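In what follows, a single structure is set out as structure tokens and then discussed.
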């Protein structure tokens, strides 16, 4: 059996198969897979006995439930006012420059994706970003380069590549 | 609980039931409030905001459709604030809408256009958003065209697909400015679980969902002198067509319709009701055969109930959602496809026409029939059995294009050979009709007596309840049907796919013990089909149903097996029901589609 | 209303929570009516948006006749410029849990949920630890109540209470029509109390010390203290608990950088106050400025003279046109028109009078949108355009 299928079955066992268990299941798949594929959404629909279109419609409502293939590390830079005032755009440019991809893209090795997001709730420590679920604040171009280098080194040192 | 409350609408006091919506209350005093997302068939959404009204003392306006009246409310439906807000909302909708009305298929029958006209939205101050959007048009389905640039996001189609049909092929996706009505991963309707029932079209206020029309193709065929163009008309068309031509709902126009079709230039005008009668012969015999296989032979490969197969929306539904249960379907083709197979064989032979030269057109209350005619299985005549399927609406368009003054038409009769029908064929157009027609014939085959209901009217299977049941006890059968003696034939009728789903689930779980079930995809059966005139509502469908049953009551023959042309076709061509030839031409197989 | 009101720092929310067990036990021994009366007399109003009286909210759900009821803590803090709920949940989670339990006791609920925004995923383990400890104590004292965290997934609108219910039910977070209200028809169609994190923390204080201590703070109609999330052009960004009723000029004296041009009160859905109006503006529930707005409050964002108000408005409108759920016409299309409209005026495609049409549009959105999001876009739009019109044009 496909591992995603297993994952979805396990999640459904854990959370339940009612409609109100849909979000935790979607989140569980995204936690592991970083995005919801057609295959995943169909499997979830089947598991919860609902239409695949409804799963798709629900998932696409939520910014963190991506439905396009994403990198292992999703960088989400806050673009809302406080962060923008404190230079989130320069931080974004530094990231794009370092990873050689643009906003919305994923590195060819499938490691990083860059996205923008709305207010992360760290306006007093702006600019802020998330890498997966980790928050980084008071960013500068220099600081963000250090953070990314740390991730890149971590991968080089052989953290297992899930993709 | 007696709970009347008093409210004032535009100064006039009115007493209403507690919980009545402001929209309903206003209607009671003859005040019309414009609506777009509201539809009588559907739950209240309250999202278009066109129906906003002012409650005196409240700063914000309230949506009349979604707000219950409260005692002492003073409501203004036409204050300056209301008028200005409504105008703004209409302007907003138009700014997001491809308002190229003259090039729109729904031009003249569009609720947004009508409101824009009423409110005289003349200027376009707001920025046109259409060029900024990545609107797409889905033309891949043989039945339905979905044009996102015409969509106003009222979600009537989504609610229809969910609440009436239980299909949920359409869903709301994304949010904010990106929010749209779409399918799973924005695929073409043809590539998802869409049943092509067309109910979304019937409930769409604009031109975002329309039937794929074949009007020009049919005009071309008619104009081609080398072609013999044959047309068949489904039972429900004759009670719906009038609505498109200025008649009240429920007007029966069979004779005028035949006359109009002749004026349009069809070479032969015949009746799907004929093959409806034929379906009864085949399906009724099939039912008896299955009953025998189960009850007498204990054949492990056959099970009950047997489900009807004349509604192509229902067929695609079961193929998608219950692919493991296709064996319960009758193998009978729908009347349209039986007709198609016979036109290019039986009719061609009898009239000595090369089937190659025949163009077979059908007029259907249905959009799923377009898909059905397009199925690769439907070539048993050696040709495509039905070349073009037009909806009732498309026929009305042709009649108008031809400049026919419908009122002045003489009543005419269908052409012979496949034009004769009985009342049993007519009632195919209504939910419960196939069941009633089948029982009239089957009971008589088995017992030699008429079905034991007054004037052949099997009232329990008629009506608008989503699921209806009837049991008919078989007593003193003829000798060859002795195994049925004393058996209660449990029958059920379901219309609207959401009800079909309930019945299917009850069958699978073993909660019910039916022998025979009629399934119709559309609410009300074919008379409420996705190809019928727009608007639709429970009241309109009720009127059409009354017309169908009146048509039946007025027929000299009301049992399929008495149709002289049916007797003739078995004698001259088919042999007997379920004969080899019947199997070849009139029966089919189904496809496991899944999700 | 008081004038010459001094900015008064308060320390209720983040002070000692170690007495939570005592507070819980103590309140479970009071009569339900007693607790409701206490809350009503404190005049605590919801710190999450509409400022609905908390005591009345609990009473309505307590009076609802249903076996199943829910208590939900709204931790979907998404308003730009707001970050205080995160701080409450990480520093004094037991206050929130205790208040939820007291509420459950008052209304007769057995299940509680914390709807935590997806952006705060990292808080989940800490809160879960607190919940485990809390539930253990509840068992010990034979109080039948459990709390679960429900994670959001990045949707601002889910802070709107009925959208939040929809989201918890596994659907798109689209606000419902009201009535019916949550007190009779909330999560899963059951009577539900839904309070913001900060409201719960204040309820804890009131249930602990009594209404008077809370009521004595603030001014008429705006009692108690409030957490403010201070950001933007300020030398001391952060979270501050201040008495309600302060004047904006006092606030700017304390937090400004000496060059404050305007303050956005209440986040993107709040109001922009220009320098000339600092004196006449007080922060509270009375009057036009509520100091809080949907879906969570207390955002104070300072702008100095280097900032373009056009850019600020543009940023807000980008936010709204993305975060609108999209279901109702005024909000979905209105936000797009406002955003495109100010751009067109700025680049000269539309003349300056078009701003008046946009102001009318914003007003129409306020009258006709289905929920607080669409209704409050007009707040920032009108206050920015009216006060900084020339910045919109040139």
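Got at least one residue in segment B:401-412 being part of a helix (DSSP H, G or I) and crowded, with 22+ Cβ neighbours inside 10 Å?
No: zero hits.
What helices (runs of 4 or more DSSP H), lying completely within segment B:320-399, carry at least 2 residues that are surrounded by 20 or more Cβ atoms within 10 Å (Cβ to Cβ)?
Counting at least 2 such residues, we get B:335-342, B:368-373.
Go through segment A:46-155 and tell me which helices (runs of 4 or more DSSP H), entirely inside it, have 1 or more residues that are within 9 Å of chain C (Cβ to nearest Cβ) and either over 19 Å from the mean Cα position of the chain (by Cα) or over 29 Å from residue A:6 (Cα atoms) (or both).
Qualifying helices (runs of 4 or more DSSP H): A:52-59, A:81-85.
Scan (1) modelled with pLDDT of 90 or more; (2) buried (at least 24 other Cβ atoms within 10 Å of the Cβ); (3) away from chain A (no Cβ under 12 Å) for the single condition residue C:230 breaks and write down its number.
Just one mismatch for residue C:230, condition (3).
Filter segment A:37-59 down to residues that are within 23 Å of residue C:325 (Cα to Cα) and either at pLDDT below 95 or out of contact with any helix residue (DSSP H, G or I) (no Cβ under 8 Å at 6 or more places or on another chain) (or both), then give me how many there are.
1
Determine whether segment A:103-116 contains at least one residue that is under 30 Å from residue C:313 (Cα atoms) and out of contact with any strand residue (DSSP E or B) (no Cβ under 6 Å at 6 or more places or on another chain).
Yes: segment A:103-116 contains one or more residues that are under 30 Å from residue C:313 (Cα atoms) and out of contact with any strand residue (DSSP E or B) (no Cβ under 6 Å at 6 or more places or on another chain).
Name the residue that is farthest from the other protein chains (Cβ to nearest Cβ), counting only residues in segment C:327-367 that are in a loop (DSSP other than H, G, I, E, B) and in contact (Cβ under 8 Å) with a residue 40 or more places away in the chain.
Only one residue tops the list, namely C:352.
Of B:563, B:499, B:513, B:505, which residue is surrounded by 20 or more Cβ atoms within 10 Å (Cβ to Cβ) and out of contact with any helix residue (DSSP H, G or I) (no Cβ under 8 Å at 6 or more places or on another chain)?
When all the criteria are applied, what remains is B:499.
Of the residues that make up segment C:70-91, is at least one in contact with a strand residue (DSSP E or B) (Cβ under 9 Å, 6 or more places away or on another chain), in the same structural domain as residue C:123 (by TED's automatic domain parsing), farther than 21 Å from residue C:218 by Cα and without any contact (Cβ under 8 Å) to a residue 40 or more places away in the chain?
Yes, the conditions are met somewhere in segment C:70-91.
Considering only residues that are within 25 Å of residue C:321 (Cβ to Cβ) and at pLDDT 90 or above, look in segment C:269-297 and name the one that is farthest from the chain's Cα centre (by Cα).
Residue satisfying both the conditions and the ranking: C:274.
Just checking, which of C:141, C:206 is away from chain A (no Cβ under 14 Å), crowded, with 21+ Cβ neighbours inside 10 Å and at pLDDT 95 or above?
Going through C:141, C:206 in turn, just one is away from chain A (no Cβ under 14 Å), crowded, with 21+ Cβ neighbours inside 10 Å and at pLDDT 95 or above: C:206.
Tell me, which residue of segment C:235-261 that is away from chain A (no Cβ under 12 Å) and over 26 Å from residue C:43 (Cβ atoms) is surrounded by the fewest Cβ atoms within 10 Å (Cβ to Cβ)?
This residue is C:258.
Out of everything in segment B:18-62 that is touching a residue at least 40 places away in the same chain (Cβ under 8 Å) and part of a strand (DSSP E or B), what residue ends up being nearest to residue B:113 (Cα to Cα)?
Step by step, filter segment B:18-62, then rank; the result is B:62.
Just wondering, is there one or more residues in segment B:581-590 that are touching a helix residue (DSSP H, G or I) at 6+ places or on another chain (Cβ under 7 Å), surrounded by fewer than 19 Cβ atoms within 10 Å (Cβ to Cβ) and within 30 Å of residue B:204 (Cβ to Cβ)?
Yes.
Just to be sure before I move on: is residue C:148 within 14 Å of chain A (Cβ to nearest Cβ), touching a helix residue (DSSP H, G or I) at 6+ places or on another chain (Cβ under 9 Å) and more than 22 Å from residue C:240 (Cβ to Cβ) in the structure I sent?
The answer is yes for residue C:148.
Let me confirm something: among B:324, B:372, which residue is within 30 Å of residue B:291 (Cα to Cα) and in the same structural domain as residue B:516 (by TED's automatic domain parsing)?
Only one candidate qualifies: B:324.
Can you tell me which residue among C:319, C:303 is crowded, with 19+ Cβ neighbours inside 10 Å, within 10 Å of chain B (Cβ to nearest Cβ) and over 24 Å from residue B:82 (Cα atoms)?
None of the others qualify; the one that does is C:319.
The values are calculated or read from the model by the stated rules, or taken from the named source; none is laboratory data. Bear in mind the structure is a predicted one, so any value in this text is a computation, not a measurement. In this analysis, Cβ positions are derived from the backbone assuming ideal geometry, glycine residues included, and neighbour counts consider all displayed protein chains.
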